[in-house]
C-alpha cells in the first residue's frame, strides 16, 4: 500500500489529481491525458524515488496505473 | 564565403577556451568531462585515422545515441572532406540499411548496442567497407569491423589529412518527405559555417547548456553542438528523457533547446506543484536553479507557455527552420523577441512570399537532395527554397507562421511524419479499403474505410476490434513516435477529387457522395 501511495503522489505532479482520486484502472494517455514524454519522465521519477532501474522492454507494456504498480512491485 | 568552417572554429575554440569544459556527461552517477583542447585532440585523432584508412570524399554514416563518442566521430568526419550522414539509431533495421545504402556510405560508425546487426548490415549495404563501433571493442574484430578507439590509436600515429573546402558536402541529413520516401538534404561546409555564424547569440563562454534533443537532428546538431562549440559553451548530455528533470539539477544549465512537447511536460510539473510554495523555489526544483532561456523549435508552440514560463523566470524563444536551411531560418533572441512569432530572419537569409508560402534564399540553403533531381527541382526554384509553410512578416520584421501547405505531420515532439508512408503500409492489409493518417492531440490517428468485401457481415464492434488489432500489430514494429494511437472507422468512402485522390481537407465528412 505504501508503494502505491508513493507512486500516486508522483503522479499528481503530472495530473494535478490527488492520490485518492487516482484509480488503478485509469489509463495514462486516455484518462490522465499524459503524453509519451510525461510517461517517460514519470518512469525517471520512479527510478529515482525507489532507486531501481527499469528494463527497456518492460516499459512498453504499461498502459494503466495498476499495471505500473504491479511492475514496480516486481522490482522492489 | 568568409565564415569559419567547423575545422577552423574548433581549432580557434581549443585555443580561446582552453581549460574550459566542452562536454560533460554522466557515467552512472559520476559526471565526466572533456575540455576544449582535449576535445580537439580527440577530433584530430579521428580525422587522421579516417584518412589513414583511405576515406576521402566519401560518405560516412553515424548510427548511435547522443554521446561524447558520437560527437568525436562527427567532428572527425566534418573536419575532413568526407560527408557525415547522421542517422536515427532507433529506426527499423531495414530502413536504416536502406538509408546507409542509398547514401552510398563507405563506412559506418555504429553504436555498440547495434553490434549484433553487423552481419545483416554488411549484407544489405555492400558499399560499406568498414564499421567502427562507437563504444568499446567488437566481440570479434576483423578487417571490416573495428572500433573508434582503435581508429584514434591509428590516427595518433598518422598525419594523413584531407582538409575540406567550403564547397565540400559536410553532411547529408535525411528528412521525411510528402512523397513518402525520405530525402537526403546535402549541406556544404559553407552552409553549416554560415548558419553557425548567423546564430552567434551566446550566453557566454563556460556557460552550461543541456542537450536533450536527438543528436542526429540538424536542429540539435547545429544549434546545440556546433553553435555551442563556436561560443565556448559547456555542452551537457542528457542521457535519457526519463531523467531530464534530475539532470537539470545535476548540470544546472543556463539555456536549453527544446521541442514543444518537452515544454508541455515541464509545464505540468510547474502547474501541479504545491500552490503555497513560492514560484522561485518551484523553478529551482524543476529547472535546476540557473535556467534562464529555452530555445524552442521543431513544431508550433502555443504562446501560452511563453507567458507561463516567464512567471518562473525563464524566457522561451521560438525559432523556425528546416534541415534544407542548415537548419535555422529565423529565431527570437533576447533583445529581438515577439511572442507568437518565430523571430526575425537570420542575417544570411532572404525571405519572400508566393501565394502566402515562405520562400528562402541564402548562404545556408542546401545544394540539393542526394540523387533526387526531381525533388530538388520541386523544392529549389531559381535559388529559392519552397518551404511548404505559409507565413508573413509583420511591420517590425518578425516572421509569423500560419499554416502548412504540405501534408507532413509535425508532432509536438518535433518528429516529422509523412502520412503517405504509413498509409501505404496500412493499405496493404486486406481489411482496409482506404486509410488516411492525421496528427491529433500529439498523436497519430488512422481514419479507415473498411474494405466492404473482406469485412462483410461484421458488426461495428467486431470491425473496430479487428482494425484495432491491425493497428496494434503495425505499432509493434514502429518507434514510439510513429505509433498510431487513434482510430476512426468510417461508414462511407472518403471524398475524392477529380483525379480520384482523397481530399485531405474533407476527411471529417463521412456521408454518401
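If I filter the range B:235-255 for residues that are more than 26 Å from residue B:27 (Cβ to Cβ) and in contact with a strand residue (DSSP E or B) (Cβ under 9 Å, 6 or more places away or on another chain), do I get at least one hit?
Just the residues of the range B:235-255 that are more than 26 Å from residue B:27 (Cβ to Cβ), to begin with: none.
Checking the range B:235-255: not a single residue is more than 26 Å from residue B:27 (Cβ to Cβ) and in contact with a strand residue (DSSP E or B) (Cβ under 9 Å, 6 or more places away or on another chain).
What pairs can you find where one residue is in the range B:244-264 and more than 20 Å from residue B:317 (Cα to Cα), the other is in a strand (DSSP E or B) and at pLDDT 95 or above, and their Cβ atoms are less than 6 Å apart, with a gap of 6+ or different chains?
B:251/B:208; B:251/B:210; B:251/B:236
Within the range B:110-130, is there a residue that is within 19 Å of the chain's Cα centre (by Cα) and either crowded, with 17+ Cβ neighbours inside 10 Å or more than 20 Å from residue B:182 (Cβ to Cβ) (or both)?
Quick first cut of the range B:110-130, residues within 19 Å of the chain's Cα centre (by Cα) only: B:110-111.
The next check asks that each one be either crowded, with 17+ Cβ neighbours inside 10 Å or more than 20 Å from residue B:182 (Cβ to Cβ) (or both); those that pass are B:110-111.
Yes.
Got at least one residue in the range A:45-65 being within 14 Å of residue B:268 (Cβ to Cβ) and within 11 Å of chain B (Cβ to nearest Cβ)? Step through it out loud before you land on a result.
In the first step, residues of the range A:45-65 are kept if they are within 14 Å of residue B:268 (Cβ to Cβ); the result is A:45.
Those still in the list that are within 11 Å of chain B (Cβ to nearest Cβ) too: A:45.
Yes: the range A:45-65 contains one or more residues that are within 14 Å of residue B:268 (Cβ to Cβ) and within 11 Å of chain B (Cβ to nearest Cβ).
Among the residues of the range A:14-22, is there at least one that is in a helix (DSSP H, G or I), over 20 Å from residue B:239 (Cβ atoms), without any contact (Cβ under 8 Å) to a residue 60 or more places away in the chain and within 11 Å of chain B (Cβ to nearest Cβ)?
Here is the first cut: in the range A:14-22, the ones in a helix (DSSP H, G or I) are A:14-15, A:19-21.
Those still in the list that are over 20 Å from residue B:239 (Cβ atoms) too: A:14-15, A:19-21.
From what's left, without any contact (Cβ under 8 Å) to a residue 60 or more places away in the chain: A:14-15, A:19-21.
Adding the requirement that they be within 11 Å of chain B (Cβ to nearest Cβ) leaves A:14-15.
Yes, because at least one residue in the range A:14-22 is in a helix (DSSP H, G or I), over 20 Å from residue B:239 (Cβ atoms), without any contact (Cβ under 8 Å) to a residue 60 or more places away in the chain and within 11 Å of chain B (Cβ to nearest Cβ).
Hey, can you tell me all the residues within the range B:179-192 that are more than 18 Å from the chain's Cα centre (by Cα) and surrounded by 24 or more Cβ atoms within 10 Å (Cβ to Cβ)?
Correct list: B:189 only.
What number of residues in the range B:257-276 are within 14 Å of chain A (Cβ to nearest Cβ) and modelled with pLDDT of 90 or more?
From the range B:257-276, those within 14 Å of chain A (Cβ to nearest Cβ) are B:258-275; that's our starting set.
With modelled with pLDDT of 90 or more added as a condition, the list becomes B:258.
Total satisfying the criteria: 1.
Could you list, in sequence order, the residues of the range B:442-482 that are assigned to a loop (DSSP other than H, G, I, E, B), surrounded by fewer than 17 Cβ atoms within 10 Å (Cβ to Cβ) and touching a residue at least 24 places away in the same chain (Cβ under 8 Å)? Don't jump to the end; show me each part of the working.
Going residue by residue through the range B:442-482, those that are assigned to a loop (DSSP other than H, G, I, E, B) are B:442, B:451-459, B:476-479.
Remaining after also requiring surrounded by fewer than 17 Cβ atoms within 10 Å (Cβ to Cβ): B:451-454, B:456-459, B:476-479.
Residues satisfying the conditions are B:454, B:477, B:478, B:479.
Just need a number here: residues in the range A:23-44 that are farther than 20 Å from residue A:75 by Cβ, within 11 Å of chain B (Cβ to nearest Cβ) and buried (at least 16 other Cβ atoms within 10 Å of the Cβ).
Adding up the residues that qualify gives 7.
Testing residue B:289 on (1) surrounded by 18 or more Cβ atoms within 10 Å (Cβ to Cβ); (2) within 20 Å of residue B:256 (Cβ to Cβ), one condition comes back false. Which one is that?
(1)
Could you count how many residues in the range B:277-286 are within 14 Å of another protein chain (Cβ to nearest Cβ), within 22 Å of residue B:237 (Cα to Cα) and out of contact with any helix residue (DSSP H, G or I) (no Cβ under 6 Å at 6 or more places or on another chain)?
Initial filter on the range B:277-286 (within 14 Å of another protein chain (Cβ to nearest Cβ)): B:277, B:282, B:285-286.
Imposing the further condition that a residue be within 22 Å of residue B:237 (Cα to Cα) reduces the set to B:285-286.
Then drop every residue that is not out of contact with any helix residue (DSSP H, G or I) (no Cβ under 6 Å at 6 or more places or on another chain), which leaves B:285.
Of the residues in the range B:277-286, 1 are within 14 Å of another protein chain (Cβ to nearest Cβ), within 22 Å of residue B:237 (Cα to Cα) and out of contact with any helix residue (DSSP H, G or I) (no Cβ under 6 Å at 6 or more places or on another chain).
Being in contact with a helix residue (DSSP H, G or I) (Cβ under 6 Å, 6 or more places away or on another chain) and in a helix (DSSP H, G or I) is the filter here, so list the residues in the range B:226-243 that pass it.
Scanning the range B:226-243 gives B:226, B:227, B:229, B:230, B:241, B:242, B:243.
The values are calculated or read from the model by the stated rules, or taken from the named source; none is laboratory data. Small disclaimer: the values here were computed from a predicted structure and weren't measured. In this analysis, Cβ positions are derived from the backbone assuming ideal geometry, glycine residues included, and neighbour counts consider all displayed protein chains.
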